[in-house]
1. Identify, from the list 237, 303, the residue that is at pLDDT 95 or above and either over 15 Å from residue 95 (Cβ atoms) or among the basic types (Lys, Arg) (or both).
2. Restrict the check to region 341-350 and report whether at least one residue is in a strand (DSSP E or B), surrounded by 19 or more Cβ atoms within 10 Å (Cβ to Cβ) and not polar (S, T, N, Q).
3. Quick one: which strands (runs of 3 or more DSSP E) lie wholly within region 86-142 and hold at least 2 residues that are modelled with pLDDT of 90 or more and touching an Asp or Glu at 6+ places or on another chain (Cβ under 7 Å)?
4. Among the residues of region 156-178, is any of a type in the set (Asp, Glu), farther than 27 Å from residue 246 by Cα and at pLDDT 90 or above?
5. Considering only residues of region 234-255 that are buried (at least 16 other Cβ atoms within 10 Å of the Cβ) and in contact with a Ser or Thr (Cβ under 8 Å, 6 or more places away or on another chain), which is nearest to residue 335 (Cα to Cα)?
6. Does residue 123 satisfy being among the β-branched types (Val, Ile, Thr), surrounded by 15 or more Cβ atoms within 10 Å (Cβ to Cβ) and either under 18 Å from residue 323 (Cα atoms) or assigned by TED's automatic domain parsing to the domain that holds residue 326 (or both)?
Amino acid sequence: MNIKNQSIKTFLTFAIILSISPLSIKAESEQPLNVEPPRTVQEKEHPIPKEDSFLTKLLKQSSVTLLAGQNGGDNIFETGTKYANLSGLRGGSRITYKRNFNYAGLGFTLRWKRWEVNFTGRTTGWYVNAGEGRDEDFFLGDPTVERGTKISTREFSFYDTPYTFIGSRNFADGKGRLSMKQDRHGLILRRYLGDSDPDARKEGKGFFLTGGFQYTFMKYILYDVFQFFDSAPVFLNRIGLGLSLSYSIYEFPIGFGYRYSIAGWFFETSFSGIFWSGHFRDFHYQRALNFIGDVSGFGIDFNVGAGRVFGNYLLFIKLNEHRLFGDGHFTTKGGLNYNDMLSQHLGQYKNYMNMKEWNVELSITGYLY
């Protein structure tokens, strides 16, 4: 009996061992699916870089410019005829406005590959002393030359003078102090060629094409006027306020230039032809008479400058020559005497508006990356 019981226990023990052994072997041979073997440093994945926002991308291609400059030159308004009008007078008028003033401004530039967009605003800020103003009335005769066309596209001629009537005799002349203010805003687009680059910090050289739009508003006031009038008896006295002139100009320049940058030094020059148009209002205080009209024409713009790069900053000095030559028509409004009133009903009068100026400008540009 004991032998039988012992045999049964031995059999059961052997059966349990046989049933457990395959499970243990299977568990040892299988590995968890979600457990990976350790990797080397080279096999580890790099973190996915975070994409820049639109504003960040914009700033990385942008720069801001502070600038200041000194302007000089003349702005001349003329009208007249060599042929006798209804009164039998052959004459004209010339008003000269000096353009000697300082200004300041702010610019923003966006670069994208070979393209550059530049927006700049320049202003005197307030009324400033611009020099001397002069109002002349004159007789015109047979020797008078009326050189109205300064830039002739048909004859390929160019007369770099703001004066139209030459060979006249004044019968009235007034001089006074001149106050003026000006705001000028420009949007200029460039396309760089060759090795040139919109970023002055990068070395390269080559030509570029340029074009855009520029708007200018200015107003002059001529005051403390000392007036001469050739009459019997001669009039010679101070008359106080003389006149004011305000007008808006729309310019469309297009041209080319050359840029050269090496070892931190930067050189640039450009030349553009201009088509422009404007609207003006010329008011004579003593006669309470307005001349209101439009003018358009051609012009040129020339720049040459040099600069030095200091890290992320560019110090730049530039000389600019600016010319606008145009003509148009005006009508009169207001007046005190019979001739002034009559002039309102006699149609339009021809006029010339010419500007010849230069400026020296110093700027500092900071790159935003």
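1. Numbers: 237 fails: at pLDDT 95 or above.
Answer to the check: 303.
2. Step one: list which residues in region 341-350 are in a strand (DSSP E or B), which gives 349-350.
Remaining after also requiring surrounded by 19 or more Cβ atoms within 10 Å (Cβ to Cβ): none.
No; the residues of region 341-350 include none that is in a strand (DSSP E or B), surrounded by 19 or more Cβ atoms within 10 Å (Cβ to Cβ) and not polar (S, T, N, Q).
3. Values: elements: 91-98, 101-112, 115-123.
Fully inside region 86-142 and qualifying: 91-98, 101-112.
4. no
5. For region 234-255, the residue satisfying everything is 249.
6. Details: among the β-branched types (Val, Ile, Thr): yes; surrounded by 15 or more Cβ atoms within 10 Å (Cβ to Cβ): yes; either under 18 Å from residue 323 (Cα atoms) or assigned by TED's automatic domain parsing to the domain that holds residue 326 (or both): yes.
Here the answer is yes, as residue 123 does meet what is asked.
Every residue, every condition in (1) modelled with pLDDT of 90 or more; (2) closer than 30 Å to residue 318 by Cα, yes or no:
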position	(1), (2)
187	yes, yes
190	yes, yes
200	no, yes
205	yes, yes
229	no, no
244	yes, no
266	yes, yes
272	yes, yes
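Here is a yes/no grid of residues against (1) over 30 Å from residue 197 (Cα atoms); (2) out of contact with any Lys or Arg (no Cβ under 6 Å at 6 or more places or on another chain); (3) in the same structural domain as residue 234 (by TED's automatic domain parsing):
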site: 103; (1), (2), (3): no, no, yes
site: 109; (1), (2), (3): no, yes, yes
site: 119; (1), (2), (3): no, yes, yes
site: 128; (1), (2), (3): yes, yes, yes
site: 132; (1), (2), (3): yes, no, yes
site: 157; (1), (2), (3): yes, yes, yes
site: 167; (1), (2), (3): yes, yes, yes
site: 177; (1), (2), (3): yes, yes, yes
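The values are calculated or read from the model by the stated rules, or taken from the named source; none is laboratory data. Please read these numbers as outputs of a predicted model, since none were measured by experiment. Every residue, glycine among them, receives a Cβ derived from its backbone with ideal geometry; neighbour counts consider all protein chains shown.
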